[in-house]
Structures are given as structure tokens and as C-alpha cells.
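Structure, as C-alpha cells:
The values are calculated or read from the model by the stated rules, or taken from the named source; none is laboratory data. This structure is a prediction, so every number in the text was calculated from the model and none was measured. Please note: Cβ atoms are built from the backbone with ideal geometry, for glycine as well, and neighbour counts cover all protein chains shown.
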Amino acid sequence: MYLTILFLPLVGSLISGLGGRWLGCWGSGLYSTLCVFFSFLMSLIAFYEVGLCGVSYHITLGTWLESGILKVNWGFLFDSITVVMLIVITSVSSLVHLYSIKYMETDPHKPRFMAYLEIFTFFMLLLVTADNLIQMFLGWEGVGLASYLLINFWFTRLPANQSAIKALVINRIGDFGLTLGILATFWTFQSIDYSIIFAMAPLLDSFSFFFMGSDWHGITLISLFLFIGAVGKSAQLGLHTWLPDAMEGPTPVSALIHAATMVTAGVFLMIRCSLLLEFSPAILCVLLVLGSLTAFFAGMTGIFQNDLKKVIAYSTCSQLGYMIFSCGLSCYEVSLFHLTNHAFFKALLFLSAGSVIHAVSNEQDMRRMGSLVSFLPITYSLMLIGSLSLAGFPFLTGFYSKDFILELTQILNYKNLNFFYIYLSFWLGSVSVFFTSFYSFRLIYLTFLNNSNLTRPLTISVHESPALMLLPLTILALGSLFFGYLSKDLFIGLGTDFWKGSILVLPVNNFFVEAEWLLIISKWLPFILTIIGILIASIINITSLYKYFVYQIYGLNSFLAFLVNKKWFIDVLYNRFLIFPLLNFGYNTTFKALDRGFIEFSGPLGASMFISNWSKIISRFQSGLLTHYVFFLIIGVCFLFSILIYKNLIFNINLNILSIFFILIFYI
């Protein structure tokens, strides 16, 4: 049963993709959806057996690679972390598949699209169930490949080509760091199996690498390389620029990437390698600071975006920052809890955005919408639920995880972390709450409540989405309303033993109990900031006071507003100081000077030119006169004799016999 969870999406992908011509659009969509849905049902059984009954499964199929002491098996680990990820991946993927049946019904390449979605799901399942780093890396690379195929699904559009290449290339940076981390892990532990690595980590706490005249702490270096991989895949600050551009793919792709696959892989890797991070306080500080900065900068950037999907994309980037700096606080279970909650309301937001885009004929600029609440009341209600949950409104799903992360940042006596870093992350995370509520309700007002900016023909064609698209939205809305409340005590409640040995935290870093005894004002601070953000967004969009904000606040801080509107010029800086110099170097040096210059001249092209020139010179000696040929032959024989005598190579050869031999040749 456990292996069937993985291979059902793979089989469905192969049959939907290769047999799409015979199955047809509806047949391939229905078949692929059923495969993922049955995988979800078996994931529920696995969750009951592993998560609730406390039975872990470790399945080994056979040997994959074996060379010396390196032995890599096809192995699958099903523990508490794995089964939670299985629920997230298969449930969201099933709903996205169901949604895509109607959303993509007019696309002529729908079987190929459904096959790509399923192979995406398969590789993510392979990633989370692997019991070693090499097999995990196979799923990691497969997820990157599937994201490239899905973002570039409409391959005739130039922006889709550019966005797919950008996502692939930026993720290569993180993948290179992950590769170094796997190599360093094997060098340190002589194995890449999770069970061996985690068992030996406390014994090799003092192990160091000697490099460039200094010692480098082994586990810290491994954790740093693994975190670089997570930065690329989970779009943390610095390597986050691919995530908003990935919106060029179809909307179901965006929902799957941002909710259940791809971006959650980096967070999963940090949670899986919790024991290694625990022995590296420096890396915990890096996670804490970079995660909080990502949440802050992405939240501020989201305020100034006008593309409906890009606003939600930057909210994903911000929420991933919360997950990463929760790992920096050694609260891995809270990070996974927020990842699970985030999957429901983020999939709801993206699929609701797809419903809006479907209704207004593929328009995505919020400034050209407005008053859609009269035309799309169900979509408005569902999107409002997702926005409230994203903003952390009390008693919705997002409230139970995001607010708890901010509460944990107010515990200032972490043994392994500096006071300044915790204080900084607390305020950056708290201000990000304000940004989140502001841009969430700015989206609601511009899209649904403000005066309409639609053209008359477009207004006439606006219609509510069909039931097959609204059904997944309704299910996700129920998850966004109740899942956090129902699962809080199981995942992060005091005394829960749900995670057992899958998440390992040193005793000095466990402060869940202290978080329960914070001051009331500390617990209310995120809610207060959420209400302030909602009020300011309402004031700007409802009253005429928006002119004050535009002419006074933006006027005084025009440079800051322009800077944030241009996404902090990070793309421009990358292009100007990194990409363009590399492209110029590649063209002028490696291409013109080396490839088309030295290498070709010293290779076949140069040899052909050399032979061609010499053949022209030699052809001039072909006069056709026998006396000329005899003369050249005698010159050659004399030259040969001089070389043989000079090198003392004639030892046992009679010179008279040799002379007679050449004379006979001349006569012939």
C-alpha cells in the first residue's frame, strides 16, 4: 500500500501523457485525477497507522548504487513527517487536478498538462519518502524539471520561456549547494542514509574540515550547504526572484507549486535535517535572520504589486520566511504545522484567483477589475476566507500557526541564539503581519469591492465559475476554516507525542511551555497589527483619504515607494552586475577567443586549413616530368639515410643490400 501511494501518480502520468490521444481531454483528466485521489485515500490510511498508531515503516526494495563504501538503496521511510507531507501533497494535488479538468478544458494539450501535474506530484512524493540523500536529490531535481515543464507549458509565449529558464537557472545555484552538502555529508559520516547520519551526528560534533589553512566545523558546513539548497528551492531572500515570475504558467500550476510542492521542499529538508541544525547554532542564527528578512521584504513588496497572482506569490515568499525562521528557533514542528496550514489557504487563494481570471477573460491586473462581488459572489466569499486565514484572523487556520511562531520569538532566553537576532526577527515578523493583512485586503477591494474598471464587453461576459471549479474551492475553504483548530493539539499541543523521533530537538532549545505564559499583550500584538492593516486598506480604498496617503506619505517617501515598487531592484542588480558581465565574458572570451578561436584553430578546423594550404604548395611540384620525380625521390632517400646514420639506427642492416634495394626501386 505504501509504495502504491508513490507509483499511482507515476502510472497515471504515463498513461495520461502517452495515451492522451485515445483517452481524450476528459478521459485523461478524469483518469489522472482518480489516480491522485486514490493515492490521497491511501495516504489517509498511512497517516492513521504511522501518525496516530505510532508505527513507522522503512521499506527497502534493493540496491541502486554500490561503489566501495558507498551503497545507495531504493529505500522509503514513512514516519510522522512523511505522512503529514503525504496528506498535504496528495490532498492539494487531487483538488488541483479536479479543478484543472474544467479550467483547462479548452486547451488542446490538456493530456500533456495533466501528465505534467502528476509527474510533479510523483517527484514530490519521492522526495519526502526517501530514506537517503541521493534518492531525495532525485526527487529534488525531478521537482525542478516538472516545474520547468509546467511554467513553460504555453511554450509559444516568450515570457513563459523566460520565466521557466529563470526558475531553472536560479534553482541550479541552490542545487549546487545541496550537492556540496551531500558530498560533505558522505565525507563526514561515510554514508548518506538518514538513520546512520542522525545516529552518528552527536558523536561527530567536534569533527572539522581542514581547508585553506583553517579548520571548518563539519556539521556547520554541511548545514550551510543544505540551507543553500533550501534557499534556492524555497525562494528565500537572494534567490527568490524566480518565484513571482513563475506566475506565467497556468493558475493550477501556481497553486500546486506554492501550496504543496516545489517551494515546500526546502522547508521539508530543514525539518528532516533538524538534528544536524541543532548542533550548529551559527546556522540557526542564519535561518532566523534570513527567514525574518524574507518575510519582511516579500511582504513589503507585495503591497505595491498590481498583478493578482503576483500579490499572492509574494505572500507565499513571505510565509516561507516564517517557516524558515521558525526552524531557526528550533521549532520544527511549528514550521511543519504552518506549512500544512499554509497549503490549504494558499491553494484556495490561487484557485480563487484562477476563477476570477477565468471569469474576466484572462485579465490579471487588479486595477482593471472591480465590483466583481456582484458577479462572482461565491468566489468572493471563498477568497475572503483565504485572505482572512492568510492574514492570521483569529480562529482561522493561519492564526494557529503564524501567531504561535511570533509568540515563540518573544522568548528571549534561547541558549544557542543571540538576543539581538531574536529581537530582530520578532519585529520583522510582526511588521510582516501588518503588510500581509494590508495587501490581502487591498486585493479584495481592488478586485471585488471598488468601482468597476472593466470594459463593457468584458462586463457582459463575466460569469461565475462552474461547479467543478467551485467544488475544490469549497473543500479548501473548509480546510482554511477548521484544519488549524482541529489539528493544533495533535501537532503542537503540550505533551503531544505525534512526532516521536522524526523531529529531534536538543532540550536546551525547547521552550513551548514558556510560550504559554507570555503576557496577554504579547499574544494580542499580531491580531492588533492585522486589524490595523485591514483598517488602513479599508480607509485608503473606501474614503477620499487615499489622496492624503498618495500625496503626503508617498510624496515624502517617494524614493522608498519607488524602490519597493521595483522589487528592491534586486533583478536589476543581478542583471547589471552579475548576468550581463557573465554573458559578455562568455561571448567575448569563452566563445570568440576560445571556442571559435584557439580550440577550433587547434582542432579539426585548423587542421583542415593547414592541410588545405600545404596541399596547394605540394600540388605545384606535380609537374608531370619523370626527371623531377626521380630527383625528389633521390633527395628523400638521401635525407632518410642521413637521419638513420645520425641516430645510429642501422646496426644489423647491410648498407650494400640496402643500396641495391633502393637502386632497384629507382629503375622500377
For segment 49-58, check the following and say yes or no: at least one residue is surrounded by 22 or more Cβ atoms within 10 Å (Cβ to Cβ) and modelled with pLDDT under 90. yes
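Could you tell me whether any residue of segment 345-362 is in contact with a strand residue (DSSP E or B) (Cβ under 9 Å, 6 or more places away or on another chain) and either assigned to a loop (DSSP other than H, G, I, E, B) or more than 17 Å from residue 98 (Cα to Cα) (or both)? Write out each step before concluding.
Filtering segment 345-362 for residues in contact with a strand residue (DSSP E or B) (Cβ under 9 Å, 6 or more places away or on another chain) gives none.
No.
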Candidates 142, 51, 68 - the one that is free of Cβ contacts under 8 Å to residues at least 40 places away in the same chain, assigned by TED's automatic domain parsing to the domain that holds residue 20 and either touching a helix residue (DSSP H, G or I) at 6+ places or on another chain (Cβ under 8 Å) or closer than 13 Å to residue 3 by Cα (or both): 142
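Restricting to segment 8-30, name every residue that is aromatic (Phe, Trp, Tyr) and either free of Cβ contacts under 8 Å to residues at least 24 places away in the same chain or buried (at least 24 other Cβ atoms within 10 Å of the Cβ) (or both). Steps first, answer last, please.
Initial filter on segment 8-30 (aromatic (Phe, Trp, Tyr)): 22, 26.
Within segment 8-30, just 22 meets the criteria.
From 30, 3, 23, grab the single residue that is closer than 17 Å to residue 472 by Cβ and among the aliphatic types (A, V, I, L, M). Let's see the steps before the verdict.
Numbers: 3 fails: closer than 17 Å to residue 472 by Cβ; 23 fails: closer than 17 Å to residue 472 by Cβ.
The match here is 30.
Report yes if residue 322 is closer than 23 Å to residue 289 by Cα, in the same structural domain as residue 433 (by TED's automatic domain parsing), touching a His at 6+ places or on another chain (Cβ under 7 Å) and in contact (Cβ under 8 Å) with a residue 60 or more places away in the chain, otherwise no. Can you show your working first?
Details: closer than 23 Å to residue 289 by Cα: yes; in the same structural domain as residue 433 (by TED's automatic domain parsing): yes; touching a His at 6+ places or on another chain (Cβ under 7 Å): yes; in contact (Cβ under 8 Å) with a residue 60 or more places away in the chain: yes.
Yes, satisfied.
Report, by residue number, each residue of segment 230-265 that is of a type in the set (S, T, N, Q) and under 13 Å from the mean Cα position of the chain (by Cα).
Residues of segment 230-265 that are of a type in the set (S, T, N, Q), as a first pass: 234, 236, 241, 251, 254, 261, 264.
Those that are of a type in the set (S, T, N, Q) and under 13 Å from the mean Cα position of the chain (by Cα): 234, 236, 241, 254, 261, 264.
Restricting to segment 456-483, give me the number of residues that are under 33 Å from the mean Cα position of the chain (by Cα) and assigned to a helix (DSSP H, G or I).
Taking segment 456-483 first, the residues under 33 Å from the mean Cα position of the chain (by Cα) are 464-483.
Among the residues that remain, those that are also assigned to a helix (DSSP H, G or I) are: 467-483.
Count: 17.
Only one of 286, 311, 334 is surrounded by fewer than 24 Cβ atoms within 10 Å (Cβ to Cβ), in the same structural domain as residue 463 (by TED's automatic domain parsing) and in a helix (DSSP H, G or I); which?
Details: 311 fails: surrounded by fewer than 24 Cβ atoms within 10 Å (Cβ to Cβ); 334 fails: surrounded by fewer than 24 Cβ atoms within 10 Å (Cβ to Cβ).
Within the list 286, 311, 334, the selection yields 286.
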Identify, from the list 384, 390, the residue that is more than 21 Å from residue 99 (Cα to Cα), touching a helix residue (DSSP H, G or I) at 6+ places or on another chain (Cβ under 9 Å) and in a helix (DSSP H, G or I). 390
Total residues in segment 421-453, condition among the aliphatic types (A, V, I, L, M) and crowded, with 20+ Cβ neighbours inside 10 Å: 6
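Table: residues versus (1) out of contact with any Ser or Thr (no Cβ under 8 Å at 6 or more places or on another chain); (2) among the β-branched types (Val, Ile, Thr); (3) closer than 27 Å to residue 89 by Cα.
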{"position": "450", "(1), (2), (3)": "no, no, no"}
{"position": "453", "(1), (2), (3)": "yes, no, no"}
{"position": "468", "(1), (2), (3)": "yes, no, yes"}
{"position": "485", "(1), (2), (3)": "no, no, yes"}
{"position": "490", "(1), (2), (3)": "no, no, yes"}
Give segment 71-128 a look and list any residue that's acidic (Asp, Glu) and out of contact with any His (no Cβ under 8 Å at 6 or more places or on another chain), or say none. 79, 105, 107
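From the set of residues in segment 153-170 that are polar (S, T, N, Q) and without any contact (Cβ under 8 Å) to a residue 24 or more places away in the chain, which is surrounded by the fewest Cβ atoms within 10 Å (Cβ to Cβ)?
Within segment 153-170, the first condition is being polar (S, T, N, Q), and the residues that meet it are 156, 161-163.
Filter again for without any contact (Cβ under 8 Å) to a residue 24 or more places away in the chain, leaving 156, 161.
Details: 156: 6, 161: 15.
So, considering only residues that are polar (S, T, N, Q) and without any contact (Cβ under 8 Å) to a residue 24 or more places away in the chain, the one surrounded by the fewest Cβ atoms within 10 Å (Cβ to Cβ) is 156.
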Residues (within 21 Å of residue 20 (Cα to Cα) and buried (at least 24 other Cβ atoms within 10 Å of the Cβ)) located in segment 124-149: 146, 147
State whether one or more residues within segment 184-202 are under 19 Å from residue 322 (Cβ atoms), touching a residue at least 60 places away in the same chain (Cβ under 8 Å) and crowded, with 20+ Cβ neighbours inside 10 Å. no
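Please enumerate the residues belonging to segment 476-486 that are crowded, with 17+ Cβ neighbours inside 10 Å and either closer than 16 Å to residue 381 by Cβ or touching a His at 6+ places or on another chain (Cβ under 8 Å) (or both).
The first filter runs over segment 476-486 and keeps only residues crowded, with 17+ Cβ neighbours inside 10 Å, leaving 476-477, 479-481, 483-484.
Hits for segment 476-486 are 476, 477, 479, 480, 481.
Conditions tested, residue by residue: (1) over 24 Å from residue 109 (Cα atoms); (2) within 29 Å of the chain's Cα centre (by Cα); (3) of a type in the set (Gly, Ala, Ser); (4) assigned to a helix (DSSP H, G or I).
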position	(1), (2), (3), (4)
7	no, yes, no, yes
12	no, yes, yes, yes
32	no, yes, yes, yes
35	no, yes, no, yes
63	yes, yes, no, no
74	yes, yes, no, no
Do we find a residue being among the hydrophobic types (A, V, I, L, M, F, W, C), in the same structural domain as residue 73 (by TED's automatic domain parsing), free of Cβ contacts under 8 Å to residues at least 40 places away in the same chain and crowded, with 21+ Cβ neighbours inside 10 Å anywhere in segment 208-220? no
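Among the candidates 227, 268, which residue alone is under 30 Å from residue 353 (Cα atoms), aromatic (Phe, Trp, Tyr) and within 21 Å of the chain's Cα centre (by Cα)? Lay out the reasoning, then the answer.
Numbers: 227 fails: under 30 Å from residue 353 (Cα atoms).
It is 268.
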